[in-house]
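Here the structure comes first, spelled out in structure tokens, and everything after it is commentary.
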Amino acid sequence: MSQPGDENLSCETLKQEIEKNTAAAEDFVKRDQRVRDGNVAKGVGGAIPAIGILLIGSTDLSNKEQIQGRALVDRDERLAYLSKQKNCAN
Amino acid sequence: MNARQSRTAISAFSIMLAASGLAGCASAAKPEAMIVNTQPGAKPFPQSFAHAMCVRNVAGGEKTNALWVSKVDNDGFRSALNSSLGAAGLTAASDGCAYPIDVNLLGLSQPAIGFDMTVTAHVNYKVYDSKAQPVLLETIDSPFTATVGDAFVGAERLRLANEGAIRTSIQSFFDKLKDAKPAVTAAQ
């Protein structure tokens, strides 16, 4: 969430990065929801004899999209704090 | 395949299911299993953290659905972190918290099935001083593996892996705290 050199970012760079992160986080949230929906379907399909175990085994519990999305939201919080410290106009 | 062979095959399949993670009800991570006990003689924390910290916010945890997989919820994590802070002598009196801690559980990366189950906890820790200046901002990724030797039933093994991953995360957070350099003026 905090990266070396963040304190040296200009107001314009901070604004651009926050906007970019916000858009990316929204995309991750949508992708995470698709993965969750897919997992529910696989869970239901798990009751099917023979192929059920394959469906369960292919369930994606990595939470990759959720973790990346939430990390970007936390980073935006940090960048917004720096932006405020620098008295940047929104 | 005769009836006896069928029964043997079903039994073998059931054992494999139990071992690989598809059998049993999921239960939430236990707070007491996620507590870090500070070892005597370990590197000390900065003096200004002593009896000056508290857990302000914990977010991102998930309730466990017994029909799905074990998770770590906010209350469980808060309880474990509070107890760990207490064991390390860092917990502040109710009105003396100079260094509030905010935690965001980004998520747990879990396996769907497996014999050795490795869970990685991804947690953001934010520590502020009394002037709301950040003292420590860290994202910690902490893996932990639970084996069949730890628990035969997959659902229980996954819970143990979750608990181990959070325990490792709190330990790593403490290690980062020991290296932090809080401003002296922040101490109450």
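No value in this document is a laboratory result; all are computed from the given coordinates. Everything quoted here is computed from the prediction, not taken from an experiment. When we count neighbours, we look across all protein chains shown, and the Cβ atoms used for this are built from the backbone with ideal geometry, even at glycine.
How high is the relative contact order of the range A:6-85, given as a whole-number percent (alpha carbon pairs under 8 Å, six or more residues apart)? This gives 47 percent for the range A:6-85.
How large is the charge dipole for the range B:3-186, taken about the Cα centre, if only the Cβ atoms of Lys, Arg (+1) and Asp, Glu (-1) carry charge, to the nearest 20 debye? In total the dipole reaches around 220 debye.
Give the value in nm², to one decimal: projected area of the alpha carbon convex hull of chain A, averaged over all directions.
Values: hull surface 25.7 nm².
Approximately 6.4 nm², given one-decimal rounding.
First measure r as the distance between the Cβ atoms of A:Ala50 and A:Gln3, then evaluate 1/(1 + (r/R0)^6) with R0 = 41 Å and state the FRET efficiency to the nearest 0.05. The value I calculate is 0.25.
Can you order the peptides A:2-9, B:119-126, B:57-64 by their average number of other Cβ atoms within 10 Å per residue, highest first?
On the way: A:2-9: 11.8, B:119-126: 24.6, B:57-64: 17.6.
Order by mean packing, descending: B:119-126, B:57-64, A:2-9.
Counting charges near A:Asp37 (Lys, Arg +1; Asp, Glu -1) among other residues having Cβ under 13 Å from its Cβ returns a value of +2. Each label point was placed 7 Å from the Cα along the Cα-to-Cβ direction; for A:Arg34 and A:Ser58 their separation is 1.6 nm.
Pairs of alpha carbons in the range B:41-120 separated by more than 19 Å make up 50% of all such pairs.
Share of pairwise Cα-Cα distances greater than 31 Å in the protein assembly as shown is 37 percent (whole percent).
Per residue, the convex hull around the alpha carbon atoms of the range B:3-186 comes to 106 Å³.
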